[in-house]
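Data block below; observations after.
The values are calculated or read from the model by the stated rules, or taken from the named source; none is laboratory data. This is a predicted model, so every value here is computed, not measured. Every residue, glycine among them, receives a Cβ derived from its backbone with ideal geometry; neighbour counts consider all protein chains shown.
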Amino acid sequence: MQSELSLIELVLGASLPVKAVMLILLGASIASWIIIFRRRQIISRARKRADEFEERFWSGVDLAALFREISGERAQVSGMESIFEAGFREFARLRQGRRQDATRLLEGSERAMRVALARELDRLEQHLSFLATVGSTSPYVGLFGTVWGIMISFQALSSVNQATIAMVAPGISEALVATAMGLFAAIPAVVAYNKFSSEVERLEGRYDTFKEEFSTILHRQADLED
């Protein structure tokens, strides 16, 4: 309890610039944790929906029926489903128009799937750059507060005749709190950024593999119709 009170006293007793640094780091830490929990939910949901859709897709279901089922869902289509929907929709649209050769049909559907894939990756990677920024800059922001606090502490010694460690210890302790807060904000952000980036890369690989496999299926279907 005494250590908690001492820490609070150190924060409250810090100079105004150091307090500003601490406030910035505290805000960055809170924002990082909000993003971490949100990204964790979104990526976990994307991975689960990819597993469910792959199971439905490779179960032998009719693709036209699967497309109608997905298009009729009230929930927003995302992930692998959106790639499938975009590709099949464009394939069906071109096929219903004036007669197109297989190459044009495939080019149109692949282009639509690439756009859908890019949108999904952008959705999954949203706010990850903020975590990277917090992880890379927070230690330096905290170090700035530490340097400023130590500088103020030593400037205060110029007005006394005899300096002791007891006179500068509180000021230095206040300054070091800024460094600790910088690390407290940076470490979770870096760990989360690396973890989420790796998971997004794995999902991207799955999405891209599905896009290629679906393109092969559409290629065979287009050849049969020629």
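Values computed for the structure shown
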item: Tally, over the range 107-130, of residues that are at positive phi and assigned to a helix (DSSP H, G or I); result: 0
item: Qualifying residues in the range 50-79 (those that are without any contact (Cβ under 8 Å) to a residue 40 or more places away in the chain and closer than 15 Å to ARG123 by Cα) - the one surrounded by the fewest Cβ atoms within 10 Å (Cβ to Cβ); result: GLN76
item: Test: residue in the range 206-225 that is touching a Lys or Arg at 6+ places or on another chain (Cβ under 7 Å), of a type in the set (Phe, Trp, Tyr) and either surrounded by 18 or more Cβ atoms within 10 Å (Cβ to Cβ) or in a helix (DSSP H, G or I) (or both); result: no
item: Qualifying residues in the range 131-169 (those that are part of a helix (DSSP H, G or I), hydroxyl-bearing (Ser, Thr, Tyr) and at pLDDT below 80) - the one surrounded by the most Cβ atoms within 10 Å (Cβ to Cβ); result: SER153
item: Some residue of the range 177-188 being surrounded by 15 or more Cβ atoms within 10 Å (Cβ to Cβ), at pLDDT below 85 and within 33 Å of the chain's Cα centre (by Cα); result: yes
